[in-house]
Amino acid sequence: MKKVGIVGWRGMVGSVLINRMNEEEDFKYINTSFFTTSQTGQKAPGIINAEPILLDAYSIEDLAKMDIIISCQGGDYTQKVYPLLKEIEWSGHWIDAASTLRMSDEAIIILDPINESKIKSSLKFGNKTWVGGNCTVSLMLLAIHGLIKEGAVEWVSSMTYQAASGAGANNMRELLVQMGQLYDSAESEINKPNFNILDIDYAVLDKMHSADFTRDNFHVPLAGSLIPWIDQDLGNGISKEEWKGQSETNKILIGEYKSIRVDGLCTRIGSMRSHSQALTIKLKKNYEVDEINDLIKSSNQWVTLIPNDKESSIHNLSPSAVSGTLNIAIGRIRKLALEDNMISAFTVGDQLLWGAAEPLRRMLRILIDKDDSTF
Ligand code: NAP
């Protein structure tokens, strides 16, 4: 059995990955070692075929004993450790959730429902670096897979509404702390039968602006507000998250499908889990809405088409409806009155599953299900 090291298993992506690996019984087929950057020597999760003690995630000697390393630890960790493993000519496979290596020539961005044949041919040619895509990119590609297969897309503008958990475990917790502080600030007025709504509103706003409002991770209020910027400022008015839309989409599509132009704004909102995106799509010709719906529905087994009516949309096309499932919901599909061949769509997917953990898990399965002689 292959020796698999997992780093970052207790973070947001890592813990969802472990759940999925348990559900799919992946641990039966591997010997697992859990690594940590902060708890070396402590007890590892009790999992079949796993070493009982947590190993040091900075021990190159221990890491190098692995056939496969999955890292959900983050970009700083990858930047530090991956080059050291390369330096000693470690011959194992590196599977990563962080963006650090995504655009490097040695890495394939993995999203196998879209680019399985590229993954498999790269594997044949000896590629060993596999990186999960940006969450909104992976979710968008799965949602409009049918239109991409058809070669129907000229460009996409994606306006995102990204969940707090997209920023990690501590940020998700901070959103709830902020919500609690806002509630506490207005509690006495909220509980009055004849409450004054403006008193509630002012109390909440005062709390958001106060020095003791918790904002260690987001730096600004997210609860009761939103953050119109995600990831680094590239200095040209574009955020790094927005830049990934065009660059990663086309790195995934190249060799499989025609390239498409992608651009838009990325925002953080106060949902707990699952990213939403409002898409404006310019199609290459005049498709009827029914044709578009058929293309989308038949593209992959995870996409769920939500009828474009109020009841279906409010009940089935939201983070609360989709979180914790592998469903990629897409709805609000209609022709826009702005220009010919232009449609709207709204899509929601669990960014911790298809946007992060699931492509890594499936890459692991591709590697372990593969004939050993070609490993
Ligand atoms: P995270 O939740 O912040 O976890 C990363 C590490 O932080 C953990 O492995 C853990 O390492 C440490 N940590 C510190 N305090 C913790 C706490 N209270 N609970 C849990 N872990 C804690 O990060 P993440 O969101 O999983 O992201 C990991 C990587 O995946 C990043 O590169 C990110 O960009 C990428 N990614 C994330 C998402 C997403 O939706 N979150 C989607 C796609 C890609 P030790 O156990 O070693 O201390």
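Since every read-out is calculated from the coordinates, none of them should be taken as a lab result. Every value quoted in this text rests on a predicted model; they were computed, and no experiment measured them. Counting neighbours? That spans all protein chains shown, and the Cβs are built from the backbone with ideal geometry, glycine included.
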message: Using the Cα centre of the range 1-159 as the reference point, and only Cβ charges (+1 on K/R, -1 on D/E), how large is the resulting charge dipole? Debye, rounded to the nearest 20.
response: 120
task: Post the alpha-carbon centroid distance, the range 273-339 to the range 10-58, in whole angstrom.
output: 36
Pairs beyond 32 Å (Cα-Cα), from 124/284; 251/282; 128/285: 124/284; 128/285
Residue-averaged [θ]222 nm for the chain, counting only DSSP H segments that reach four residues, each worth -39500 (n - 2.57): -11000 deg cm²/dmol
- prompt: How would you classify the chain from its alpha-carbon gyration tensor, with a ≥ b ≥ c the square roots of the eigenvalues: rounded for a/c under 1.5, else prolate if a/b is greater than b/c, otherwise oblate?
  reply: oblate
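Placing +1 at every Lys and Arg Cβ and -1 at every Asp and Glu Cβ, with all other atoms neutral, what dipole size does the chain have around its Cα centre, in debye to the nearest 20?
Dipole of the chain, to the nearest 20 debye: 620 debye.
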- prompt: Using r as the Cβ-Cβ distance of residue 206 and residue 336, and R0 as 51 Å, what FRET efficiency do you calculate, to the nearest 0.05?
  reply: 0.80
- request: Find how many whole Å separate the alpha carbon centroid of the range 210-236 from the alpha carbon centroid of the range 179-201.
  value: 24
- prompt: What residue among 243, 134, 4 has its Cα farthest toward the positive end of the dipole of the chain, where the charges are +1 on Lys, Arg and -1 on Asp, Glu, each on the Cβ?
  reply: 4
query: With respect to the cross-link table entries 86/244; 65/120; 3/258; 2/258, which display a Cα-Cα separation exceeding 29 Å?
result: 3/258; 2/258
